[in-house]
Structure formats: structure tokens, C-alpha cells
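Rule-based calculations on the coordinates, nothing more; no lab input. Given the structure is predicted, the values throughout are model-derived calculations rather than measurements. We place every Cβ from the backbone using ideal geometry, glycine too, and count neighbours over all the protein chains shown.
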């Protein structure tokens with residue numbers, strides 16, 4: 001397994017870049033990003049956005065700066081494009097103008113991903129620490145880019161960032177377990193599973209904190225619309241054929257797919273499993289590869305003791321139950337369209353995942 005992923009899990013190896021160098025032509029994207037929540041309050045936002053001059057990508061001289069700058073470019077442009085298509089208070093736009101579509105498509109092509117803001121741009125690359133010497137945790141982190149000025153959106157993103165940071169401990173457990181599987185070492189497998197179970201329990205505790213600073217009505221009406229899927233959108237200057245892309249969703253996190261791959265949970269083939277497979281196309285390519293690597297490994301079940309094995313499955317099911325509860329409270333009770341931001345009937349599917357996870361326990 002890639003040791004950097006074991007150490008840093010699915011967050012970047014180093015804290016994300018928060019701004020382009022001041023002398024870079026791309027620094028204009030920082031200014032646009034800073035002003036975006038205010039600009040979106042104006043009905044003339046789209047007209048202004050069509051006049052923006054977005055500089056072409058220029059490779060930094062320092063090879064180490066390429067990926068951080070490319071990710072920041074994707075974040076800035078991804079937010080801008082979703083803001084344009086989904087501006088709250090205006091009809092959905094069916095065309096992304098050339099000046100936004102071409103640079104976004106270019107940035108996403110370089111990152112081997114579809115041209116829409118996904119979970120990686122909304123959360124994994126969208127945080128900073130107040131004190132670099134302190135942990136990546138709530139109270140010491142903030143967002144780089146937002147759609148609205150309300151702290152509710154910051155909190156929604158930052159809860160996911162801390163959950164992803166805890167995944168570093170989880171991935172250390174996955175690494176132990178996979179090495180134990182390869183060596184036929186029962187003790188190593190059990191220690192790895194215990195570490196995984198402890199990590200997911202910590203993630204559940206963070207996920208339960210969502211209501212502390214996030215009002216359900218504000219989430220649904222004010223900033224959730226911006227992470228909606230693109231439906232029949234023409235990318236001007238890129239492709240004249242209308243395109244559809246999944247919106248930002250927690251299903252694009254690599255945490256649960258990695259655990260499903262480790263535990264070999266036999267989810268029944270359905271539109272649900274097709275959707276989850278499609279979600280991997282919106283993940284960073286190194287995450288997709290890690291999930292494939294874990295899936296290719298042997299099954300820990302024959303080497304595992306009942307208690308640590310079942311504790312992992314129960315923690316996974318509980319995490320999904322908490323998620324199900326928040327989806328019901330924040331979305332389902334307020335919505336006429338049963339599709340989530342990814343474009344799927346999520347409530348029915350979440351229930352299936354929970355049941356099938358518990359059904360896989362050692363009796």
C-alpha cells in the first residue's frame with residue numbers, strides 16, 4: 001500500500017495551498033473566490049461572470065508547486081462553475097460559458113477527473129489550519145472557499161475534513177490488516193481491525209456534531225443548491241453535446257469504499273452499487289487505485305476473531321445510520337425531489353447499505 005496514504009489518508013500530503021503567489025497571473029482567481037459569496041447575492045452575477053478573463057494554466061517552475069496550484073485552480077474554478085449553473089434565486093443555467101468552461105475542463109483533465117466540483121474540491125483541498133503546529137481538527141481549521149458567508153457552510157465542510165483526518169488512523173489499521181492477510185497472521189489482522197473500528201467510532205462522534213453550527217433550513221435553501229448535479233449542461237467551447245455530472249456528495253469520499261473493499265461486504269448488485277461505482281470516477285485517481293488495491297487483497301474474515309471483525313461492521317453501519325438521520329433531517333423532510341446532490345434516490349439506498357453491512361457479521 002502507498003505509505004503516504006497510510007500516513008495522511010485521503011487529505012493532501014501537505015496542507016492545501018490557500019492562495020496563488022502574488023505575482024502569478026492566476027492570483028486573480030483568489031480575488032474572485034474571496035468575492036464569490038457577495039457576488040452571488042446579485043442577480044447580475046452571471047452577466048459579470050461571463051466577462052471574467054480567466055488566465056490560462058501556466059506550469060510553475062518548481063515541480064513541487066504544480067499539484068498544489070492545480071488543485072487550488074480546480075477548487076476556484078469548480079466553485080465558480082457550480083455557482084454559475086446553480087445560482088440561488090435564478091433559474092438553472094443550461095450553458096456554462098466558454099470563459100469558465102474551457103479552463104475548468106482543462107484543470108479537471110489534468111487531474112483526471114470530470115469537470116465539476118466534487119467532494120475533493122469541496123472538502124479535501126478546501127481547508128487551512130489556524131495553527132500549523134496543532135491538529136487538523138474542528139476549532140483549528142477553516143475553509144478556503146465558500147458559496148455563502150454563513151458559517152453553517154464552513155461547518156458542514158469542516159466536519160468532513162476532520163473525519164477525513166481521522167481516516168489517517170483508520171488507514172494505519174487497514175495497512176496492518178492487509179499485511180496480516182498477506183502473511184496469514186491472525187494477530188496482525190485483529191490488531192488492524194481493532195484500529196479500524198476505533199477510528200470509525202471517532203468519526204461517528206465528529207459526524208454527530210453536524211447540528212452544532214448547521215441549521216437545517218439554511219442548509220437546504222441557502223447553500224446545498226450550489227453543490228447540485230449538472231443536468232444537460234453545455235460546456236461552451238468544450239463540447240456542444242449537453243452533459244450530465246454527479247454533484248458533490250459524501251459518497252465521493254474514499255473512506256467507506258475502502259472499508260467495503262477491505263471487509264468484502266457483498267452488497268447486492270443494483271442501481272445503488274452502480275451509483276457507488278460511478279462515484280469512484282469523481283475521486284482523485286490515487287484514491288481510486290488504493291480502493292482497487294485493497295479490493296484485490298484477500299478476505300480478512302477467515303483470519304479474524306469475531307469481536308474486532310464485527311465491531312468494524314457495526315461501526316460502519318452506525319456511521320451510515322447517523323448519515324441517514326442527517327439526510328432525513330436536513331434534506332428528506334424539506335424536499336419534493338427525492339434525488340440527492342449526486343442525483344440519486346439516496347434514502348432508500350442508505351437503508352440497504354446499513355442492512356447489508358450488519359448482515360455480513362460473523363454469527
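A few points about this structure:
- Extension gain, residue 362-residue 61: 0.36 nm per intervening residue step, less the Cα-Cα distance, totals 102.9 nm.
- Per the Cα gyration tensor, region 149-228 maps to an equivalent ellipsoid with semi-axes of 36, 11, 8 Å, ordered largest to smallest.
- With Cα atoms, 0 to 90° folded angle of helix 151-183 axis to the chain main axis: 40 degrees
- Ranked list, fewest to most other Cβ atoms within 10 Å of each Cβ, for 59, 164, 321: 59, 321, 164
- Degrees separating the helix 186-207 axis from the principal Cα axis of the chain, which is the longest one: 40 degrees
- Intensity falloff of region 1-81 expressed as log10 I(q)/I(0), Debye formula with alpha-carbon point scatterers, at q = 0.16, 0.23, 0.27 Å⁻¹: -0.70, -1.12, -1.36
- Kirkwood radius, region 106-157, all distinct C-alpha pairs, inverse of mean reciprocal distance: 12.4 Å.
- Region 191-247: mean projected area of Cα convex hull, nm²: 7.0 nm²
- Cα-based helix-to-principal-axis angle, 346-359 vs the chain, degrees rounded to 10: 20 degrees
- Average silhouette area of region 1-160, convex hull of alpha-carbon atoms, in square nanometres: 10.3 nm²
- Per-residue packing, averaged as other Cβ atoms within 10 Å, sorts the ranges 235-246, 307-318 into the order 307-318, 235-246, beginning with the highest.
- Over the chain, the hull volume per residue, using the convex hull of the C-alpha atoms, is 136 Å³.
- Debye log10 I(q)/I(0) for region 89-208, one point scatterer per Cα, at q = 0.11, 0.20, 0.23 Å⁻¹: -0.57, -1.09, -1.19
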